[in-house]
Amino acid sequence: MSSLQAPRGTFDVLPADAAQRTVLEQHARRILGAAGYGRIETPTYEATELFARGVGEATDIVQKEMYSFDDGGGRSMTLRPEGTAPVCRAYLEHGMHKLPQPVKLWYLSSFFRAEAPQKGRFRQFWQVGAEAIGAAGPETDAELIILLADVLRAVGVKDTHLRLSSLGTAETRREYREELAAYLHAHEDGLSPEVISRIDLNPMRAFDADDRRTKETMRNAPILLDRLAPEDAEHFERVKVLLDEAGVSYELDPTLVRGLDYYARTLWEFTSSSLGAQSALGGGGRYDGLIEQLGGPPTPGVGWAAGIERMLLAAGEQPVPVNVVDLFVAIAARDSTEAHQAGFKLANAARQAGLSAQLELAGRGLKGQLKHADRLGARYVAIIGDPMQISLKDMEAGDQTEIAPEAVIPTILRGSRVA
Ligand code: HAM
């Protein structure tokens, strides 16, 4: 065995795992496509500045978790740690503000964060995400939350829990942050050194702290939800009503913080108790200031992303469609070039006719080939000895008939199982 291994925190997707992922992708495409979301894919890396400006200088992602490199021309590039800033960059770059609004986009891509690997946390991971840009109304927020709930349900994720909050607008938050920072400074003796060191950078993170003393202190801290401006409170109220009407249950969590700075107004996260420490399945929120932050006109936006590995972990074993093999082409006359050629031709022709067909490629003996065909679950085996005479074996019925080469495919097509 080679000593070369996949880098720490990364993984290979082998065919057995790929089947589950394909099913997940199909659910996402169906659910998001039906709501008018179009697929978008952006480059794997972007200018570092995009994330510094978009995600926020003060975030853990930008401060500690970015894989940045020089592009060879003195420009700093970064492997994308998330998808929202790149999608907004693409929205601006391609003038999508001129399209009928909102522009609804979804993606399924891999992302990179230099985090300590553990169960459900990787350095390269995959997300499915959805963004609606250009719509400010609460229906968009509620629509997106419901779509994420739909994806989680379709994928078979168990024990989900939705936490919901609102951050208000940047201005409310600025005032609130000052109030919160003042509270934190006044109670520094009840806070952990890490929280104290972040008070002026990002006081909201204090709600996130695990340390018991800090948690105690935060119990009496001012709450942003109580400080929302009337129009933000009204917007949030309407999001809640729409979710209530749709029968989506949630828990209001005014201390909900997410590790990205672009959020304004609605904020949410789905967790699953079956996940352990990395319990966040996916989350999102409104980011009405982000496009402006990136140099565009004031444009509302809202969206979410969910971790594919975490969804699959929380879903557990799910049925995947079996790969039907209609035909296995076995070569009885192993030394006959004509037999090999005829077999090759038959397998190709079968595929052209829409059948799933495999050809013996490993040089097995006939007995081994039949065993292999059985292992694959092949419905028919065409045994080629004399290229002009093919034995077609119906693996289910067990009977074997000699037929002309050109009769093989029509026979299989006629005998097609009703799916
Ligand atoms: P996020 O919460 O940073 O949001 O990531 C979304 C999801 O990606 C997480 O809930 C988690 O399931 C998964 N995830 C994040 N980091 C890792 C990791 N290291 N290993 C495995 N899975 C991970 C965003 O990325 C925002 N762009 C979501 C958004 C879209 N907000 C608005 N629009």
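The values are calculated or read from the model by the stated rules, or taken from the named source; none is laboratory data. All figures in this text were calculated on a predicted structure; none of them were measured in a lab. Backbone-built Cβ (ideal geometry, glycine too); neighbour counts: all protein chains shown.
Step by step: first the residues of the stretch 98-120, then only those that are of a type in the set (A, V, I, L, M) and under 18 Å from residue 303 (Cα atoms), then the one that is farthest from the ligand (Cβ to nearest atom). Which residue is that? First the steps, then the outcome.
Step one: filter the stretch 98-120 for residues of a type in the set (A, V, I, L, M), giving 99, 103, 105, 108, 114, 116.
Cutting the leftovers down to under 18 Å from residue 303 (Cα atoms) gives us 103, 105, 108.
Values: 103: 13, 105: 10, 108: 12 Å.
Per the criteria, the residue is 103.
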Problem - Residue match in the stretch 221-232 (condition: without any contact (Cβ under 8 Å) to a residue 12 or more places away in the chain and either of a type outside the set (Gly, Ala, Ser) or surrounded by 13 or more Cβ atoms within 10 Å (Cβ to Cβ) (or both)) - result: yes
Exercise for the section: Find all pairs meeting these conditions: Cβ atoms under 8 angstrom apart; at least six residues apart or on different chains; first residue within the stretch 278-292 and among the aliphatic types (A, V, I, L, M); second residue within 6 Å of the ligand (Cβ to nearest atom) and outside any helix (DSSP H, G or I). Expected result: 280/307; 281/306; 281/307
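Looking at residue 126, is it touching a residue at least 40 places away in the same chain (Cβ under 8 Å), under 27 Å from residue 292 (Cα atoms) and either within 13 Å of the chain's Cα centre (by Cα) or surrounded by fewer than 18 Cβ atoms within 10 Å (Cβ to Cβ) (or both)? Walk me through it before giving the result.
Working: touching a residue at least 40 places away in the same chain (Cβ under 8 Å): yes; under 27 Å from residue 292 (Cα atoms): no; either within 13 Å of the chain's Cα centre (by Cα) or surrounded by fewer than 18 Cβ atoms within 10 Å (Cβ to Cβ) (or both): yes.
The answer is no for residue 126.
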Problem - Meets criteria (of a type in the set (S, T, N, Q), modelled with pLDDT of 95 or more and in contact with a strand residue (DSSP E or B) (Cβ under 9 Å, 6 or more places away or on another chain)) for residue 22 - result: no
Fill in the blank from the handout: Across (1) basic (Lys, Arg); (2) more than 27 Å from residue 56 (Cα to Cα); (3) in contact (Cβ under 8 Å) with a residue 60 or more places away in the chain, residue 173 clears everything bar (2)
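Does residue 383 fit the bill of being touching a Lys or Arg at 6+ places or on another chain (Cβ under 8 Å), closer than 30 Å to residue 150 by Cβ and buried (at least 23 other Cβ atoms within 10 Å of the Cβ)? Write out each step before concluding.
Details: touching a Lys or Arg at 6+ places or on another chain (Cβ under 8 Å): yes; closer than 30 Å to residue 150 by Cβ: no; buried (at least 23 other Cβ atoms within 10 Å of the Cβ): yes.
Against the criterion (touching a Lys or Arg at 6+ places or on another chain (Cβ under 8 Å), closer than 30 Å to residue 150 by Cβ and buried (at least 23 other Cβ atoms within 10 Å of the Cβ)), residue 383 does not qualify.
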Exercise for the section: Six or more apart or on different chains, Cβ under 6 Å: which pairs go from a residue in the stretch 249-265 that's farther than 12 Å from residue 225 by Cα to one that's small (Gly, Ala, Ser) and within 11 Å of the ligand (Cβ to nearest atom)? Could you list them? Expected result: 258/283; 263/285
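Just checking, how many residues over the stretch 121-136 are in a loop (DSSP other than H, G, I, E, B) and near the ligand (Cβ under 8 Å from one of its atoms)? Give the derivation first.
Applying the first criterion (in a loop (DSSP other than H, G, I, E, B)) to the stretch 121-136 yields 122-123, 134-136.
Still in the running and near the ligand (Cβ under 8 Å from one of its atoms): 122-123.
Final tally of qualifying residues: 2.
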Practice task
Considering (1) modelled with pLDDT of 90 or more; (2) under 29 Å from residue 24 (Cα atoms); (3) in contact with a helix residue (DSSP H, G or I) (Cβ under 9 Å, 6 or more places away or on another chain), say which one residue 244 fails and leave the rest.
Solution key: (3)
Practice task
Go through (1) touching an Asp or Glu at 6+ places or on another chain (Cβ under 6 Å); (2) modelled with pLDDT under 95; (3) closer than 27 Å to residue 21 by Cβ one by one and return the number of the condition residue 356 breaks.
Solution key: (2)
Exercise for the section: Kindly provide the set of residues from the stretch 66-91 that are more than 22 Å from residue 114 (Cα to Cα) and either within 16 Å of the ligand (Cβ to nearest atom) or under 19 Å from the mean Cα position of the chain (by Cα) (or both), ordered by number. Expected result: 88, 89, 90, 91
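So which strands (runs of 3 or more DSSP E) are wholly in the stretch 348-419 and hold at least 2 residues that are over 38 Å from the mean Cα position of the chain (by Cα) and free of Cβ contacts under 8 Å to residues at least 40 places away in the same chain? Before you say what the answer is, go through the steps one by one.
On the way: elements: 357-359, 378-384, 390-394, 400-403.
Where strands (runs of 3 or more DSSP E) fall fully within the stretch 348-419 and carry at least 2 residues being over 38 Å from the mean Cα position of the chain (by Cα) and free of Cβ contacts under 8 Å to residues at least 40 places away in the same chain, they are 390-394, 400-403.
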